[in-house]
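Working notes, beginning with the structure itself.
The values are calculated or read from the model by the stated rules, or taken from the named source; none is laboratory data. Computed from a predicted model, the values in this text were never measured in an experiment. Cβ: placed from backbone, ideal geometry, glycine included. Neighbour counts: every protein chain shown.
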Amino acid sequence: MSGGSYNYMYCRINDEYVDRMFDSQLNSMMKDLVDVLHDLEWWQSCDSSEERYRDTVRKFKKKWFKQTKIDVQKQIESKFKQTKDELLKEFEYLKDVE
């Protein structure tokens, strides 16, 4: 068995939650999430590629997160603003320097 970087958490989630959600859509989503967690763990354990993980994430998001391009652009802009604000706070001490 490969993996191990996350203590095989994907196996435990599979055993504890898949087909136990009492809702067919949630059961399906949990199965797909276990696939994402599996590929994450195997990538981090150097047993598979980052590309495989990213492809699995892309498929999961496309299926479960019905986002538009505009939604994604807004998230990106928000993250840029958040990062900018954090950096401005961090370097505020430079205002005193002449």
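For region 49-67, residues that are free of Cβ contacts under 8 Å to residues at least 12 places away in the same chain and under 17 Å from G3 (Cβ atoms) total 2. Just one of the listed residues (T83, T56) is hydroxyl-bearing (S, T, Y) and either outside the structural domain of L33 (by TED's automatic domain parsing) or touching a Leu at 6+ places or on another chain (Cβ under 6 Å) (or both), namely T83.
Screening region 6-50 for residues that are small (G, A, S) and loosely packed, with under 15 Cβ neighbours inside 10 Å and picking the one that is nearest to K63 (Cα to Cα) gives S24.
Kindly indicate which of K79, K63, K89 is modelled with pLDDT of 90 or more, of a type in the set (K, R) and surrounded by fewer than 10 Cβ atoms within 10 Å (Cβ to Cβ). Criteria check complete, one pass: K89. Taken together, the residues in region 66-75 that are of a type outside the set (D, E, K, R) and either over 28 Å from L33 (Cα atoms) or surrounded by 10 or more Cβ atoms within 10 Å (Cβ to Cβ) (or both) amount to 4.
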